[in-house]
Amino acid sequence: MILSEDYIKVPGKQYKVKVQCVSTRRLTTMEWLIVNCAAKFHDSVQTGNQTVKYVFEDVFQLTNSEILIKPCIESLLSEQAIQLDAGPNFDYSSLRLSQIRLTEKGKKMAEDGLFPGATKELPLDIYYNPMTEKMNQFVGGNEKADNPIEFGVPSDYRTDFPEEMIIDALHKGLVGRGKFVASKLRIESIECLTSMDWDNIIKLEVSADAEGNISTQPRIKEDNVKPLIRELFFTKEVNPAKCELLSWMKDAQPRNIMGSGKRLKECFLEVCRNGSVIGVSIDIYQQYKRNTTAFKQRTVFLWGAKEFSIDRSNEALFVELPFAYKISGCVAINEKNESVSFCRNTYSYDGNEITVPVAFEDKRIRRGENSLIEWIEELINENYSEGLYYLALYSLPIFSKREKKAVELLKRRWEKKSANTVTEDLRILAKFCIELGTEMISMDLFGEELWDKFSSLETSAILERMSEIMQLGCISAGSETQKSIMGHILSRAEEPKSYKELLVLLQSVGIRNHEDALLYDELVAKLYTRDLIIDTLKEILEDKYTRLPELFELDVFFNEYVKAIKELEFLVNGLKMFEENDSSKMEESIENCPDIALVQSYTAEIIAKNSELLNREINVYSEMKSIDPQRAESFFSNIDFIKQTIHKMMQSETQKVGDTDRKSDKGVTEMPAMKMYVVDTCALMHHPDLLLAFSEEEYVRIP
């Protein structure tokens with residue numbers, strides 16, 4: 001079992017060495033036989049009289065041995081390894097073994113099996129690792145090393161020149177590129193010219209067997225640094241003091257031991273990176289929170305906090321829980337049930353006991369269950385009565401299939417509670433849902449129970465409470481619950497007399513925009529009564545009108561009506577629509593208007609809308625006159641004056657064209673007055689091809 005894999009930095013030595021050596025080669029088989037025969041049989045009376053030819057041809061069965069053996073004898077003579085009693089010009093066929101004598105050099109060759117050569121001096125660079133007592137001729141940088149661990153200081157290591165180790169390494173070919181094995185160069189002596197320090201970065205693997213005995217690869221030979229092995233079992237975040245706070249390994253149920261040292265950190269962060277929802281020990285999180293990418297875009301439950309809190313930071317959601325996780329030792333778990341536990345264990349190394357923090361998978365966290373989600377749900381159910389904000393956690397996506405449980409718990413809580421308590425509880429839930437960044441818990445299945453809580457209140461109080469609840473977003477727009485509540489409220493509420501009353505009523509049932517209103521077109525349309533329309537005309541007449549939120553067509557109708565009035569006052573200089581104006585100045589202003597067509601369009605739009613209200617059996621002139629006769633009379637007089645003035649201007653233009661045509665002797669061409677139509681935008685939405693019904697001679701005004 002690998003406990004740790006770390007890159008360590010050992011303070012090594014670089015030696016520049018001068019090697020005194022002799023170039024050699026191994027004797028050939030024939031040379032070796034000749035030398036050894038001469039050594040053994042030179043003084044033998046019986047064998048020494050045998051000829052060399054006899055030995056190699058009759059004994060060793062070589063044919064024409066002279067071709068092979070004579071050159072070898074001549075080579076040995078030239079190297080002064082042998083001497084011949086027969087002289088240098090010997091007869092091979094009669095040369096006897098007793099005539100071959102070995103020199104001192106020859107005796108050495110017979111002993112070593114080496115052919116002597118020239119003496120040389122070779123310079124070498126030797127890189128020495130005093131921790132493992134290993135050497136290399138050249139060591140490059142280790143690209144995989146990332147922040148290697150300082151493993152001791154120079155004083156911890158042997159610093160004297162390791163001459164014997166270097167010679168042994170040269171002979172074995174471990175350094176020197178194999179030049180100094182016996183068949184090539186024989187070392188006579190070595191000399192250290194210079195030495196210097198260098199950082200030797202190596203990968204050190206620390207393993208433990210089933211009996212708890214630690215070993216390293218490569219093996220550490222320097223006794224002075226063996227006590228440093230315990231440093232490899234602790235990351236910068238987990239020190240020996242924090243290790244003592246961990247539970248013992250013997251109390252755990254490991255499935256898979258993943259290691260110690262940097263593996264603690266790697267295993268913890270891997271669980272966090274693999275999940276979208278993570279449960280983490282807050283103590284361990286504090287150590288690793290600098291690794292922000294592991295927690296980014298994730299929901300993180302931090303257990304062991306001082307109190308419940310919600311925090312959004314680093315693009316992550318953190319929920320702190322004042323409870324410990326149910327399985328001792330577990331420091332991280334995600335929604336996939338991937339987990340990692342930190343415990344401590346004791347191992348033996350070099351006769352010493354070492355307490356080590358260990359990361360492992362706990363088999364008590366069963367793979368077929370979602371342990372994290374189930375544990376959080378247990379906490380919610382056990383603590384929501386003391387802290388209602390726990391229920392807000394049910395709005396998280398991980399509880400999308402359990403949201404009904406939250407509603408059931410609320411129903412149980414509200415059985416004997418007042419409407420005030422219900423409203424306050426919903427406010428609290430909404431507040432914490434906003435902090436969580438989630439949608440409010442839906443009360444769609446609890447509509448009738450909600451209404452029962454408020455039905456005994458006065459109508460104004462119901463409208464106020466229901467308006468607030470609808471704004472909290474716990475009732476879905478268009479749901480049967482909203483329709484039911486709307487029916488109850490409309491049956492209790494009086495018909496609105498003004499737009500202010502109408503808006504309060506609509507907000508109480510959750511209608512805040514045109515899309516909401518379209519869901520209840522038939523129900524809400526009934527609220528736009530004759531009294532409400534007349535009240536709106538009164539505000540227009542008294543110049544107190546403010547733009548309405550456009551929920552229905554009638555809202556758009558009045559906004560456009562008032563806009564047309566304001567635009568006419570802007571286009572016609574000095575015009576006050578609800579006041580009496582000087583007719584001559586007004587006529588002059590109309591004639592000088594740069595966009596007379598736009599004046600005509602807005603005037604026609606006001607007339608058309610008055611006609612539309614008349615179809616609803618509302619006479620705008622009569623209703624305004626009953627409110628303020630003078631302002632009403634001025635309003636309609638001004639509209640009529642603008643209309644007549646424009647008509648005169650058009651007739652005048654027609655007359656001018658006719659006069660011009662008569663002067664040209666081309667006959668008289670009549671220019672009929674252009675017809676103008678006002679088309680509502682809602683009509684175009686429902687009938688996009690409506691414009692095709694008009695000819696090019698007809699003027700179409702689209703507000």
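Solvent exposure of segment 468-515 amounts to 48 Å² per residue of accessible area, where only protein heavy atoms count and the probe is 1.4 Å.
Mind ranking 418-429, 245-256 by how tightly packed they are, going by the mean number of other C-beta atoms within 10 angstrom, highest first?
Details: 418-429: 16.2, 245-256: 14.2.
Sorting 418-429, 245-256 by mean packing, highest first, produces 418-429, 245-256.
Ligands, DNA and RNA excluded, the heavy atoms of Y677 present near 80 Å² of accessible surface to a 1.4 Å solvent probe.
If R0 is taken as 30 Å, the Cβ-Cβ distance between L445 and K526 corresponds to a FRET efficiency of 0.60.
Taking the average, over residues, of other Cβ atoms within 10 Å as the packing measure, peptides 110-120, 351-361, 282-292 rank 351-361, 282-292, 110-120 from highest down. Computed about the Cα centre, the dipole magnitude for segment 23-155 is approximately 340 debye when only Lys and Arg (+1) and Asp and Glu (-1) carry charge, each at its Cβ. Compared with the rule-of-thumb size 2.2 N^0.38 Å for a compact globular protein, the chain has a Cα radius of gyration ratio of 1.99.
Hey, what did segment 291-342 get for relative contact order, percent, Cα under 8 Å, at least 6 apart? Value for segment 291-342: 28 percent. Judged by the mean number of other Cβ atoms found within 10 Å, the most tightly packed of the peptides 567-576, 86-95 leads the ranking 567-576, 86-95.
Taking the Cα centre of segment 169-266 as the origin, how large is its charge dipole in debye, to the nearest 20, when only Lys and Arg (+1) and Asp and Glu (-1) carry charge on their Cβ atoms? Kindly include the intermediate steps, with their values, before the conclusion.
Details: 17 positive and 14 negative charges, 89 e Å.
Using Cβ point charges on Lys, Arg, Asp and Glu, segment 169-266 gives about 420 debye.
Here the extension length gained between S456 and E468 equals 2.6 nm, from 0.36 nm per residue of separation less the Cα-Cα distance. Here V679 sits with roughly 10 square angstrom of accessible surface, probe radius 1.4 Å. Dipole check for the chain: with +1 at the C-beta of Lys and Arg, -1 at the C-beta of Asp and Glu, and the Cα centre as origin, the magnitude is about 3700 Debye. Residue ranking by accessible heavy-atom surface, 1.4 Å probe, largest first, among H42, H171 comes out as H171, H42.
Label-to-label distance, R412 versus K497, with points set 7 angstrom from Cα along the beta-carbon direction: 4.9 nm. Mind checking which of G48, Y349, P123 is farthest towards the positive end of the chain's charge dipole, using Cβ charges of +1 (Lys, Arg) and -1 (Asp, Glu) about the Cα centre? Value: G48.
Find how much the distance from H647 to Q83 grows on full extension, using 0.36 nm per residue of separation minus their present alpha carbon separation; answer in nm with one decimal. Present the calculation step by step, with values, prior to reporting the outcome.
Numbers: separation 564, 0.36 × 564 = 203.04 nm, distance 14.90 nm.
Full extension from H647 to Q83 adds 188.1 nm.
With the simple model of a label 7 Å out from the Cα in the direction of the Cβ, F570 to H171 spans 10.7 nm.
Rounded to the nearest 0.05, the FRET efficiency derived from the C-beta distance between R290 and C192 at R0 = 51 Å is 0.65. Positive-end ranking of A359, W414, F432 along the dipole of segment 294-446, with charges on Cβ about the Cα centre, is headed by W414. Here S385 and E266 are evaluated by their C-beta separation; at R0 = 41 Å the FRET efficiency comes out at 0.50. Taken as Cα centroids, segment 562-638 and segment 176-236 sit 103 Å apart, rounded to the nearest whole angstrom.
Span-like helix check, the chain: qualifying full DSSP H segments, with Cα axial length of 15 Å or more and mean Kyte-Doolittle of 0.0 or more, are 29-41, 66-78, 419-436, 459-472, 530-541, 553-571, 596-615.
Please give the length that would be gained between I596 and N352 if that part of the chain were fully extended, namely 0.36 nm times their separation in residues minus their C-alpha to C-alpha distance (nm, one decimal). Don't jump to the answer; show the numbers that get you there.
On the way: separation 244, 0.36 × 244 = 87.84 nm, distance 10.45 nm.
Using 0.36 nm per residue and subtracting the Cα-Cα distance, I get 77.4 nm.
Of the residues P322, G279, I310, the one whose Cα sits farthest toward the positive end of the charge dipole of segment 272-337, with +1 on the Cβ of Lys and Arg and -1 on the Cβ of Asp and Glu, is G279.
The values are calculated or read from the model by the stated rules, or taken from the named source; none is laboratory data. This structure is a prediction, so every number in the text was calculated from the model and none was measured. All Cβ positions, even for glycine, are placed from backbone atoms using ideal geometry, and neighbour counts span all protein chains on display. Keep in mind that these areas ignore ligands, DNA and RNA; they rest on the heavy atoms of the full protein, side chains included. Shrake-Rupley method; radii C 1.70, N 1.55, O 1.52, S 1.80 Å.
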